[in-house]
Amino acid sequence: MKKSLKESGSRRFDPWLEVDADALRHNVRETSRLAEGRPIVAVVKNNGYGLGTTNVARILDPLSEIAALAVVKADEALELLNAGVKTPVVLMALAPPDAEEELAARGVRLAPVTDDAPERLRRVAARLGRPVAVQIELDSGMGRVGIPVHRALPWLQRLVESGAANVEGTFTTLTADDFEPEQVHHFRKFIEEARAHRLPLGKLHAVSSHGLFFRRDALLDAVRVGLTLYGAYPAGARELGQVDFTPTFRLQARVVRMELLRPGDGVNYRRRYVADRPVWVATVPVGHVDGYSRRAANGCEAVVRGRTYRVIGEVSASHTVLELGEETSVSVGDTVTVVGPDDPAVHPNEVAARAGISVYDVLMHLGAKLPVVVQNA
Ligand SMILES: *Cc1c(COP(=O)(O)O)cnc(C)c1O
């Protein structure tokens, strides 16, 4: 395999991601504490929230707190299998018909969510010579995926009677707003009815990171979280100060250019910043293609040599410019952190707040082509 510049030891300017395995493990322990020891279904969808599906899965795989790894794309389920993870993999989505059997054969837990699932699974189970392990997804009011809870009972009855499914879990997704109590009510009512009919449901789970803080009456048998594992907080939770999550990654690059602007000199497209005095600026070759928000100049800062500097102008596809001041010790080649644990100003939640975007975007929009260096593996 070709070595990247970073691996070959040269001092690359181009952006890269550092993933800190110790921080991820710390966040797993904190999440487990908040879940009062319940098993964690770790969501590693969407390229492992930007950090690389395999990178995060390999770190999570050996941890006793992690009961399953969950994705929403069939290719990501296969990627996890190919990486050799031992933890059960859950595909929280409709499996494509032509991949269903392969996924089931390789042990992926399917979420059968269509009306014809009992018949389909019967065929798959017959070919495999064993029942298919499944997680049942119920739509309790999000109107998106899953079997609508109001008509799920006869469907589950058919599925169970077919003998084709081994129900390991039953779950629903909550809306992260004040509609949640109604959803939890419908979900619980279904559970009671199913139990009255002696239908197996496996482990019950509903809350994601938001519910871990705000829907603690519905922690049930397991929690199904992504965000907190990567060291970020759902909206409104950081302020509670109940737990200490550490950002699991750093988005970094090195300064490529230093220049002393003269009064009247402008920066980047549309010259949103114009110097009003002689001021040093540093150009960093990281931009919105790498996942650093276009809107970062609305108040975001970056860390260089332990100090924070304001992002100015407008973040373009591949460049960010920092205002350093009238004098500076920063030089070409210095490492810059635009998101990470290095300072409260670059914490993913703070970057999201200042840029006016969702914290999910700070993670999931990280460039999939960024080289990743895993530390403390
Ligand atoms: C993404 C996702 C989660 C995890 O959500 P977080 O807010 O990141 O904890 C849980 N369940 C489902 C169905 C999801 O799609």
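The values are calculated or read from the model by the stated rules, or taken from the named source; none is laboratory data. These figures come from a predicted structure and were not determined experimentally. In this analysis, Cβ positions are derived from the backbone assuming ideal geometry, glycine residues included, and neighbour counts consider all displayed protein chains. To get the accessible areas, we keep the full protein, side chains included, count just its heavy atoms, and leave off ligands, DNA and RNA. Shrake-Rupley method; radii C 1.70, N 1.55, O 1.52, S 1.80 Å.
What does the net charge come to around Glu180 if you take all other residues with beta carbon closer than 10 Å to its beta carbon, with K and R at +1 and D and E at -1? Residues near Glu180 contribute -3 overall.
Annotation: amide H of Thr320 within the under-5 Å range of Val284, Val286, sequence separation 5 or more or interchain, hydrogens built in the peptide plane. The number of Lys pairs in the chain with C-alpha atoms less than 24 Å apart, excluding pairs fewer than 8 positions apart on the same chain, is 12.
Region 259-323 and region 114-136 have Cα centres spaced 55 Å apart. By accessible area, using a 1.4 Å probe on protein heavy atoms only, the chain has 48% of its surface on carbon and sulfur.
Would you work out if region 199-310 is rounded, prolate or oblate? Take a ≥ b ≥ c from the square roots of the eigenvalues of the alpha-carbon gyration tensor; rounded if a/c is under 1.5, else prolate when a/b is larger than b/c, oblate otherwise. Judged from the Cα gyration tensor, region 199-310 comes out prolate (a/c at least 1.5, a/b above b/c). Among beta bridges from DSSP that stay inside the chain, the antiparallel ones total about 50%.
Rounded, prolate or oblate: pick one for the chain, where a ≥ b ≥ c are the square roots of the eigenvalues of its C-alpha gyration tensor, a/c under 1.5 means rounded, and failing that, prolate if a/b is larger than b/c, else oblate. Walk me through the intermediate numbers first.
Values: a/c = 2.66, a/b = 2.09, b/c = 1.27.
Here the chain falls in the prolate category.
Solvent exposure of region 292-362, expressed per residue, is 39 Å² of accessible area, with all protein chains present and a 1.4 angstrom probe.
Given +1 at the Cβ of Lys and Arg, -1 at the Cβ of Asp and Glu and no other charges, the dipole of region 165-259 around its Cα centre is 380 debye to the nearest 20. List the DSSP H helices in the chain whose Cα atoms stretch 18 Å or more along the helix axis and whose mean Kyte-Doolittle hydropathy is at least -1.0. Within the chain the helices that satisfy the rule are 21-34. Here the chain is assigned +1 on the Cβ of each Lys and Arg and -1 on the Cβ of each Asp and Glu. Its dipole about the Cα centre then comes out at about 580 debye. Ranking His185, Thr173, Ala196 by Cα position along the charge dipole of region 163-202, where only Lys, Arg, Asp and Glu carry charges on their C-beta atoms, puts Ala196 farthest toward the positive end.
Summing Lys, Arg as +1 and Asp, Glu as -1, what charge do residues with Cβ under 15 Å from the Cβ of Asp276 carry, Asp276 excluded? Display every interim value, and only then the final one.
Numbers: positive: Arg262, Arg271, Arg272, Arg277, Arg310; negative: Asp265, Glu323, Glu326.
Result for the local shell: +2.
Considering helices alone, the calculated mean residue ellipticity of the chain at 222 nm is -8000 deg cm²/dmol, with DSSP H runs of length four and up weighted by -39500 (n - 2.57) and normalised per residue. Rounded, prolate or oblate: which one fits region 13-87, using the alpha carbon gyration tensor with axes a ≥ b ≥ c (rounded when a/c is under 1.5, else prolate when a/b beats b/c, else oblate)? Oblate is the answer for region 13-87, as a/c is 1.5 or above yet b/c matches or exceeds a/b.
Using θ = phi - 60° in the Karplus curve 6.51 cos²θ - 1.76 cosθ + 1.60, the 3J(HN,Hα) couplings for region 203-217 round to 6, 9, 8, 9, 7, 9, 4, 4, x, 4, 9, 10, 9, 6, 7 Hz; x is entered for Gly and Pro.
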